[in-house]
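The values are calculated or read from the model by the stated rules, or taken from the named source; none is laboratory data. Since the structure is predicted, the reported quantities are computational estimates derived from the model, not experimental observations. All Cβ positions, glycine included, derive from the backbone under ideal geometry; neighbour counts span all protein chains shown. Keep in mind that these areas ignore ligands, DNA and RNA; they rest on the heavy atoms of the full protein, side chains included. Shrake-Rupley method; radii C 1.70, N 1.55, O 1.52, S 1.80 Å.
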Amino acid sequence: MNVPNILTLWRVIFAVAIFVLLPFKQYDLCLLLFILASLTDFADGWWARKFKQVTVFGRIMDPFADKLLICGVFICLLSVENISRAPDGLPGWLMLQPWMVVAIVARELLITSLRAFVEKSGGDFSAKWIGKWKMALQCLAIIAIFTYLTTQSDRSLVAETLGNLCGENRWQKPVFYLWIVSLWGTVVITLYSGVTYCINAARMIRAQS
């Protein structure tokens, strides 16, 4: 168990903790744990490459931990009314919708299957820049959503701190629009990256046949 693998396991633990805390509206803790989990995703990959500690366990668990964190949080967020229902004056389709989560989960399942097939055949199906941007935007969207949810809590340390720094209620609208833009950006880049990976996989399979 080297450092990258330990960080990966901590990401799984953080994800499970978020799933437990979210129904109790502990948005401050969810935000903190998600940020920590996101940092472990960067740190374990950097450490493994820097110190040449890439292992079979890490190659299996790292993408699993990523998908558990991102897909699991998006699925759990569907149960939060403030995320699925638009405020007065805004169309409901702007908010988090089930079809968006289905698209995100379906993309991850499809790419995982394609990666297993291509690499089993000897091809290289490692992550591309579009996949890394996709992960970054997904993390930004979830962080923005959790930050917005803190505005719905009467005892939120995050909301109180932001209120003291920016002025009461002045930060709520920017955070709201940030998560709307990052959410739709996530959907677009998720679908685009899925199509890109499928095209690359088709070329590899055709070249090997």
> What value, in deg cm²/dmol to 500, does the helix sum -39500 (n - 2.57) over DSSP H runs of n ≥ 4 give at 222 nm once divided by the residues of the chain?
Replying inline: -26500 deg cm²/dmol
> Relative to the present Cα-Cα distance, how much length would full extension add between V16 and A207 at 0.36 nm per residue of separation?
Replying inline: 64.7 nm
>> Looking at the chain as a GNM with Cα springs under 10 Å, which of V16, V118, V187 has the largest mean-square fluctuation?
In response: V118
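To the nearest 20 debye, what charge dipole does segment 14-100 have about its Cα centre, counting +1 at the Cβ of each Lys and Arg and -1 at the Cβ of each Asp and Glu?
Value, rounded to 20: 340 debye.
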> Just S156, S182, S113 to compare: in a GNM of the chain, with alpha carbon springs under 10 Å, which one fluctuates most?
Replying inline: S113
> Which ³J(HN,Hα) values in Hz, rounded to whole numbers, follow from the phi angles of segment 56-61 under the Karplus curve 6.51 cos²θ - 1.76 cosθ + 1.60, where θ = phi - 60° and Gly and Pro get x?
Replying inline: 4, 4, x, 5, 8, 6
> With each label point set 7 Å from Cα along the Cα-Cβ vector, what nm distance links W129 and I199?
Replying inline: 1.5 nm
> What percent of all Cα-Cα pairs in the chain falls in each 5 Å bin, counting up from 0?
Replying inline: 1, 7, 14, 17, 18, 16, 11, 8, 5, 2, 1, 0, 0
>> If every alpha-carbon in segment 80-140 counts as one equal scatterer, what log10 I(q)/I(0) does Debye give at q = 0.16, 0.21, 0.22, 0.28 1/Å?
In response: -0.69, -0.93, -0.97, -1.16
> What span do the alpha-carbon atoms of segment 1-82 cover on each of the three principal axes, reported in whole Å from largest to smallest?
Replying inline: 45, 20, 17
> Using 0.36 nm per residue, how much length does the chain from I35 to N164 gain when fully extended, once their Cα-Cα distance is taken away?
Replying inline: 44.3 nm
> For labels at T112 and F24 in the simple 7 Å Cα→Cβ model, what's the distance in nm?
Replying inline: 2.8 nm
> Between D88 and E119, 0.36 nm times their residue separation minus their Cα-Cα distance comes to what?
Replying inline: 6.2 nm
>> Looking at the chain, identify the longest residue range that excludes and avoids all trypsin sites (Lys or Arg not before Pro) in DSSP loops having at most 10 other Cβ atoms within 10 Å.
In response: 53-154
> In square angstrom, what is the accessible area per residue of the chain with a 1.4 angstrom probe?
Replying inline: 57 Å²
> Which one of A15, A116, A43 has the biggest mean-square fluctuation once the chain is modelled by GNM with Cα springs under 10 Å?
Replying inline: A116
> For segment 84-96, what does the Karplus curve 6.51 cos²θ - 1.76 cosθ + 1.60, with θ = phi - 60°, yield as ³J(HN,Hα) per residue in whole Hz, taken in order and with x for Gly and Pro?
Replying inline: 8, 10, 7, x, 4, x, 10, x, x, 5, 6, 7, 4
> With charges only on Cβ, +1 for K and R and -1 for D and E, what is the dipole size of the chain about its Cα centre, in debye, rounded to 20?
Replying inline: 780 debye
> Dipole of segment 35-90 (Lys/Arg Cβ +1, Asp/Glu Cβ -1, origin at the Cα centre): which of S79, V56, A37 lies farthest to the positive side?
Replying inline: V56
